[in-house]
Amino acid sequence: MVALEPELEHLAAPPAPAPPTLADCEHLSPEDRALLENVAGHLPLLADLSHADAVLFARSADGQATVVAQARPVPVPSPYTLPVEVGRTMTRDEAPLVFRVLVDSHRNQVNTTVIRGAPVLQEVFGIRNERGETIGALRSEMLLIEHERQRKRHAVFRRAIARARELIVAGRMQGGEKLGRLGVHDGVMVIDSTGRIEYLSAPAEHLYRRLGYADNLVKTQLQELETNEYICFKAMERGVCLEQRVQEHDLVWIKRVVPLVPRDDDSLPLPFIGRRGAPMGAVVAIQDVTDELQNEKELKIKTAMIQEIHHRVKNNLQTIAALLRLQARRTDNPEVAEQLRESVGRIISIAVVHEFLSHEENSVINIHEVSNRIISEVRNGVLDHTRPINLSLEGTRSFQLPAQQATSCALIINELIQNAVQHAFLGAPGGSIVVKLAEQGDSLYIEIVDDGHGLPEGLVNDPTHQGGLGLQIVRSLVREDLKGEFELLPTTNGTGTRAVVSFPKWIAKAE
């Protein structure tokens with residue numbers, strides 16, 4: 001078995017250098033960086049609306065193209081297995097379209113390429129500042145089969161998505177970085193500046209049918225519906241993307257509104273005609289979260305019930321422990337009294353775990369906190385205060401285990417502490433016991449070290465010797481529950497005992 005080295009927990013690999021960010025682009029003016037940051041914040045929205053990967057490039061000081069942000073679409077698969085690495089610098093051969101726009105100042109570029117054997121439509125749009133200088137490039141990559149699907153959608157929808165992309169590329173979209181991601185089952189609606197519905201996707205039609213609207217709602221004014229559409233008008237009025245959860249009869253929806261503001265020349269075709277500077281309409285995404293909220297409510301109820309059960313189990317165990325303490329005080333047989341006190345310690349160690357489970361929503365227990373409680377219980381109920389024995393806890397504070405393994409560890413720690421208290425300092429005025437928790441490689445360690453008389457002769461010369469009931473319990477729990485190893489060893493200076501429990505880290509991730 002590998003010797004325990006608690007100091008290893010304090011060692012950490014040096015942090016990896018942070019990838020380049022827009023803050024590192026010192027050659028850009030604050031205004032240019034702010035423009036690119038606005039675009040970067042809206043990439044997730046653009047990826048979900050356009051069903052395409054979105055990658056933002058900035059021109060580095062040496063004229064190269066550096067990835068400063070990226071987003072992958074939620075509603076459809078990405079062409080890539082892994083996202084494009086932020087901070088990566090690409091050569092002209094790797095990203096020729098990007099260099100044409102970003103470095104050579106060409107207009108938007110379109111091409112088809114092959115990624116992982118699948119044809120992909122690649123578009124690159126220039127990010128230009130108020131002086132007309134190209135300071136960044138936005139690359140959009142969509143699977144060609146998805147592009148064909150989008151081409152067959154209604155022209156109103158396609159124009160709305162194109163307008164949203166123009167606003168994002170120009171840095172004129174506001175508030176979109178705060179919107180939640182759009183899902184594959186979300187309904188999409190396009191409205192004009194007066195609130196008239198110009199387009200309704202099939203999922204959106206289904207959602208409104210569930211409210212009793214069986215007729216085609218296209219060309220219907222939102223004001224005519226008995227639904228909460230306030231967020232749509234508020235977003236258009238303010239020209240800012242907004243999100244709101246609304247109750248529609250027995251359904252709960254999340255509405256995300258992307259307002260579409262006009263160009264300076266108001267040249268967009270119907271239905272996107274509005275006065276200069278006013279929103280011409282909006283794209284509204286509707287997510288039905290009724291089932292999710294119901295499941296969440298049911299889960300909270302079940303969690304509360306489970307926590308209450310753990311609380312009652314803890315109380316019952318403490319009651320049993322109190323009865324056993326009473327029995328121990330009433331018996332005239334010292335051996336029986338000692339056995340009862342040992343049983344009390346075991347019951348209390350299990351009760352401690354149930355107490356933590358009664359306060360936590362998950363079933364993962366922090367062993368460091370459990371060890372502290374067990375040490376406190378031993379101090380109050382076991383130690384002979386005429387002989388000062390110092391109990392302390394060292395090691396990692398993030399030592400966590402599932403409930404079953406945590407219970408085993410609590411019993412193990414209790415048994416080993418009590419064993420040390422009873423046997424390590426016979427005839428001595430006192431001493432110290434240290435509980436150490438450590439993580440080393442793929443293993444977790446629990447070590448109880450005392451500075452007492454050391455191991456009995458039988459345990460030193462005969463490793464197969466099982467010891468008393470306490471040590472037998474420890475060996476069984478380590479072997480059966482933790483799938484680990486247990487050893488009793490002399491300390492390095494020979495004046496005490498080390499009880500070491502080691503088990504694989506994957507056990508801590510079980511259940």
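The values are calculated or read from the model by the stated rules, or taken from the named source; none is laboratory data. Bear in mind that the values here come from a model prediction, so they are computed numbers and not experimental data. All Cβ positions, even for glycine, are placed from backbone atoms using ideal geometry, and neighbour counts span all protein chains on display.
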### Message
I need the full set of residues from the stretch 336-348 which are modelled with pLDDT under 85 and of a type in the set (G, A, S), in order please.
### Response
G345
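Checking the conditions here, which among T91, T81, T66 is loosely packed, with under 15 Cβ neighbours inside 10 Å and either modelled with pLDDT of 90 or more or more than 23 Å from I145 (Cα to Cα) (or both)? If you could, list the steps in order and put the result at the bottom.
Working: T81 fails: either modelled with pLDDT of 90 or more or more than 23 Å from I145 (Cα to Cα) (or both); T66 fails: loosely packed, with under 15 Cβ neighbours inside 10 Å.
Only one candidate qualifies: T91.
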### Message
Tell me yes or no: at least one residue of the stretch 479-486 is in contact with a Lys or Arg (Cβ under 7 Å, 6 or more places away or on another chain) and either among the aliphatic types (A, V, I, L, M) or modelled with pLDDT of 75 or more (or both).
### Response
yes
### Message
Checking the structure you have, find out if any residue of the stretch 361-369 is free of Cβ contacts under 8 Å to residues at least 40 places away in the same chain, assigned to a helix (DSSP H, G or I) and farther than 30 Å from E205 by Cβ.
### Response
yes
### Query
Can you tell me which residue in the stretch 176-208 is nearest to P77 (Cα to Cα), limited to those that are in contact with a strand residue (DSSP E or B) (Cβ under 7 Å, 6 or more places away or on another chain) and small (G, A, S)?
G183
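Give the residues of the stretch 94-105 that are assigned to a loop (DSSP other than H, G, I, E, B) and within 22 Å of H147 (Cβ to Cβ), sorted by residue number. Spell out how you get there, then give the answer.
Step one: of the stretch 94-105, the residues assigned to a loop (DSSP other than H, G, I, E, B) are 94-95, 103-105.
A95 - this is the single residue of the stretch 94-105 that is assigned to a loop (DSSP other than H, G, I, E, B) and within 22 Å of H147 (Cβ to Cβ).
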### Summary
(1) outside any strand (DSSP E or B); (2) more than 31 Å from the chain's Cα centre (by Cα); (3) at pLDDT 85 or above all hold for A406 apart from (2)
### Task
Look at the stretch 360-386 and say how many of its residues are at pLDDT below 80 and closer than 26 Å to A304 by Cβ.
4
### Query
If you check M142, M90, which single one turns out to be touching a helix residue (DSSP H, G or I) at 6+ places or on another chain (Cβ under 8 Å), free of Cβ contacts under 8 Å to residues at least 60 places away in the same chain and either in the same structural domain as A61 (by TED's automatic domain parsing) or farther than 23 Å from L36 by Cβ (or both)?
M90
#### Entry: Subset tally (residues that are in a strand (DSSP E or B) and of a type in the set (S, T, N, Q)) for the stretch 116-172
3
### Message
List the residue pairs whose Cβ atoms are under 7 Å apart, where the first residue sits in the stretch 469-485 and is surrounded by 15 or more Cβ atoms within 10 Å (Cβ to Cβ), the second is assigned to a loop (DSSP other than H, G, I, E, B) and at pLDDT 90 or above, and the two are 6 or more positions apart or on different chains.
### Response
V478/G484
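Determine whether the stretch 165-188 contains at least one residue that is over 36 Å from the mean Cα position of the chain (by Cα) and among the charged types (D, E, K, R).
Restricting attention to the stretch 165-188, the residues satisfying the condition of being over 36 Å from the mean Cα position of the chain (by Cα) are none.
No, the stretch 165-188 contains no residue that is over 36 Å from the mean Cα position of the chain (by Cα) and among the charged types (D, E, K, R).
I'm trying to understand the selection: among the residues of the stretch 206-242, which are assigned to a helix (DSSP H, G or I) and either buried (at least 18 other Cβ atoms within 10 Å of the Cβ) or aliphatic (A, V, I, L, M) (or both)?
Across the stretch 206-242, the qualifying residues are L207, Y208, L222, I231, C232, F233, A235, M236.
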### Query
Of the residues in the stretch 317-364, how many are touching an Asp or Glu at 6+ places or on another chain (Cβ under 8 Å) and among the charged types (D, E, K, R)?
1
### Task
Would you confirm whether any residue within the stretch 154-171 is within 30 Å of L217 (Cα to Cα), buried (at least 22 other Cβ atoms within 10 Å of the Cβ), of a type in the set (V, I, T) and touching a Cys at 6+ places or on another chain (Cβ under 7 Å)?
no
